[in-house]
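Inspection log for the structure reproduced underneath, given as C-alpha cells.
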Amino acid sequence: MGKTEPSKEKAEVAAKGLTAKVLITWLVLHIVFFTIINIYGKGLLRTHTYITATRTGIPWYPPWGFYLLFVLIVVPLFYGITKRLPYSRQELAILFGLMVMSLDTAIIMDTMSVGLWYKFIPQSAGVPAEFIPAFFAPPSRSTIEGTLLGKAPVPWGELTPFIGFWTAYFIGIFAFSLFLMEILRRKFIEIDRLSYPSVRPSFEVIRMATETSAVSTSESKASGPPSLLRVGQNKWFWAGFFTLGLAFGAPSVLAYTLPELGIPAFACAGRFPVYPLADFFATNPWHIQGDSRWVPTDAFLMFLVPMDILATHVLYQFVSYILWPLIATSIGIMAPGVPGSRYWSAEGPFRPQLFSAATLLGLGIWVPILGWRYIADSLSRAFKGGKTSEGDVPALWGWAGTIVFGLILFGLGLALGVDVPIMFIMLLVISILYIGRSYFAGEGAPIGYVGWAQDFNYGIARHAGTTLGVYPTPATLTQGSWATGAWYAMTNQSWIECSVATSYYPMVNYKLAELTGTRPKDMFNAMLIGSFLIPLISVPLSIWLFYTWGTEKILTWYGPKSYQVGYVTGGLRGVTTPYAYWDAGWQTHMVAAVIITGVLMMLRLRLPWFFINPIGIAGTYVMRNVTEALPILIIKYLMIRIGGAKTYERIGVPLFVGALVGLTFWVGIGLGVLHFRTAAIAPPY
C-alpha cells in the first residue's frame, strides 16, 4: 500500500496541468503573438522567420526563445509580488505544448491563401471554372478585391462556404494527426524511449522557471526564488545563451536592420550564406554540390542527437555528395556541363536526396510492421476493453478518433472532387508519412528538411490513378485529376512541408509531458482543444486582418502577387501536365529506400554494434556535413572521449541548449524591433 501513495499524490498534482489559467494565457498569446503579430511579421523583409523565431533553422522548431522571454517577464513579476510561482511545471508543459500548435497559424494562412486568390492567378489558367468549388475558392473577384489594399469590409456572407471548408479541413488535419499519433504514443515514448532532442530546450526553460531550492518542482508554491533568477545555478546554460546564442543570433538580425554593416542577409534570420562554398559548388568540375548555408540552430541541435544518427548522417553525406560525384564524374556517369544539382533527384543511377526522402516513407512503413505486437495489443485493448491507468488515454480514443477524422478528411476530399480510390491512397500515404516523420523527429531532432518526401503522396496517387484507369491518360483534365492536384497542394507545400502540426507536434508534446510529470490525458485533452480552437479562431481572424491591413501593403506572403501563392498553387494543375520527378528512377529509389530502411532497422535489432541508422539518412538535406554535422560530431566525440558522459551532460548539453534558446531569443527580440521600424522597407530579393 505504501508504494501506491506517492503515485496517487503525483497524479493529483499532475492533474493541475490543464487549468483555466493556462487556457486563458494561451488564448491571449495565440491571438496576439501567433496570429496577429506573426501574420503581419511574416512577410516583413521576406525573412520567413517569425517574431517568435521558429524558422531560424531549416525546419521549424518549438519557440524556445519566446518561451524564455515569456517566463522572464511573468515569473519574476509574479514571484516578486506574491512570493509564489505563477505556474507549476505541468501547467507550463501544457502551455508550451499549446504554443507549439499555435506555430501553425501562419501556415494555415499560407495554405488558405491558395484558395483565396486561386481563380485569378496564372496557375489556374486552363482549369474550367466548374471544376473549382466555391467553397475552395471564391468565384467572384469583387469578393476578394478588398484584401489587396485593406480598409475594406469583410463580405462574411459570401465567404461563409470558403471559411467553413477551410476551417473544417484544418480541424480535420490537426485532430487526425493527434489521434493517429496517440495510437503510437506508448510505443514511441515509453517502449522505444525516443529522446526527441528538440524538447530538451523547452524542458530546461520549464525547469528553471519552476525549480526552487525549497520545495518540490511540481508545486507552484515556493519559499525561494526559481533557479531562473540564480544565474550561477545554471551557469553553462547562460554561458551558451550569451556567447554562442548572442554571437549568431544578433548578426543575423543586424543583416536586415543595418545593411550598411555588410553582413550577408538570407531568406531566414538565423541562417548565414557561405559564399566561398557557393562559389565552389558552382564552379568545381566534379559535380560536388551542397548547401552553402551555415545554419547554427541546426548545428547546435545536432549536438543533442544520438551519436549513431549523427555518424550515419555524416557518412551518408560524404559518400553521396563527395565520394559518389568524384567516382561518377571520373567514369562519365555525370556529364560535363550538367549542374551537379540535377543529380540530387532528377538524373543518374543514384540520387541521394531522393533516396533520403524515400527513407521517411520506409520509416513510416517499417515502424508499424516491426511493432506489430504493440499494434495488435493496442487494438485488443481498444475493442475488447482493458484497464486504463489513471491519467492515461484509453486505447479506444486513438483508434476511434483516427477513423472519425480520417472519414471527415476523406469526405472533404470527395467534396472537392477527388476520386474515391485516389483519396484512399492519398490518406494512406499521408498516414505513413506522419508516422515516419514523427519517428524521425524522435531521434533526428529533426536534422534536416524532410517535407520534400510529401511529393510521394502526389506521385503515388498520379500513377495509381493512371494504372487503375481513373484518369484516361496522365494528361487528361478531369474534375478528379484537378482535385487530386488541389488536395496535394493543400497538404504539401505549406502544410506538410513546413508545418510542425503534421510533422511532430503530438509526440513532442507527449515527450514534454513525460519529462515534466504531466499526465498524458491532460496533454491529450489540451491538444484536442487546440485542434478545434486554433482553426475556429485563426481562420476568420486572419480573413479579417487581410481585409483590414491589405496583403499587398504589409508585404506578406498571402497576396496574389506573392511568391508563396504561386509556389503553392503550382501543384493545383494536378495531372494535367507531365510530372517530371516521377520517372522510373523515382520509382526505383522509392522501392529501394523502403527495402533498405527495413533491412537497416532489422540489423540494428539483431546486431548491437551496427551503428548505421536510417534516421541519419532521412535527415539529409543536400550536403551540409562540411559546415555543420561533421564539426559537431567531432566536438561531441572529443567531449565524451576526454571528459566522459558526465561532462557531456553537465557541461555540453546545457551549453548547447543555452545556445539554442539564446539564438532564438535574440533573433525574436531583433525581429520585434525590425517589425516596428522597417515595415515599409522593400524585400531584399
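One decimal place: the segment Glu347-Leu379 gains 7.2 nm when fully extended, by the rule 0.36 nm per residue minus the C-alpha distance. For region 99-194, GluC sites (Glu not before Pro) meeting the loop criterion (DSSP other than H, G, I, E, B) and having at most 16 other Cβ atoms within 10 Å: Glu145.
Return the subset of Lys16/Lys235; Lys16/Lys646; Lys21/Lys235; Lys187/Lys384 for which the Cα-Cα distance in this structure is over 22 Å, preserving the input order. In this structure, Lys16/Lys235; Lys16/Lys646; Lys21/Lys235 exceed 22 Å between Cα atoms.
Taking all protein chains together, Asp104, Asp455 sort by accessible area into Asp455, Asp104, largest first [probe 1.4 Å]. Kindly identify region 275-371 as rounded, prolate or oblate by the Cα gyration tensor criterion: order the square roots of the eigenvalues as a ≥ b ≥ c, call it rounded if a/c is under 1.5, otherwise compare a/b with b/c, prolate if a/b is larger, else oblate. The shape class here is oblate.
The aspartates and glutamates within cross-link reach of Lys636, meaning a Cα-to-Cα straight distance under 19 Å and a gap of 8 or more places when in the same chain, are Asp298, Asp308, Glu443, Glu628, Glu649.
A straight chain from Arg641 to Arg193 at 0.36 nm per residue would run longer than the Cα-Cα distance by 158.8 nm.
Ignoring aspartates and glutamates fewer than eight residues from Lys119 along the same chain, the ones with Cα atoms less than 12 angstrom from its Cα are Glu130.
Go through region 72-147 and name the trypsin sites (Lys or Arg not before Pro) that are in a DSSP coil and have 14 or fewer other Cβ atoms within 10 Å of their Cβ. Of the trypsin sites (Lys or Arg not before Pro), the ones in loops of region 72-147 whose Cβ has at most 14 other Cβ atoms within 10 Å are Lys83.
The values are calculated or read from the model by the stated rules, or taken from the named source; none is laboratory data. Keep in mind that this is a model prediction, so the values were computed, not measured. In this analysis, Cβ positions are derived from the backbone assuming ideal geometry, glycine residues included, and neighbour counts consider all displayed protein chains. For the accessible areas, the whole protein counts, side chains as well, though only heavy atoms, and no ligand, DNA or RNA atoms are used. Shrake-Rupley method; radii C 1.70, N 1.55, O 1.52, S 1.80 Å.
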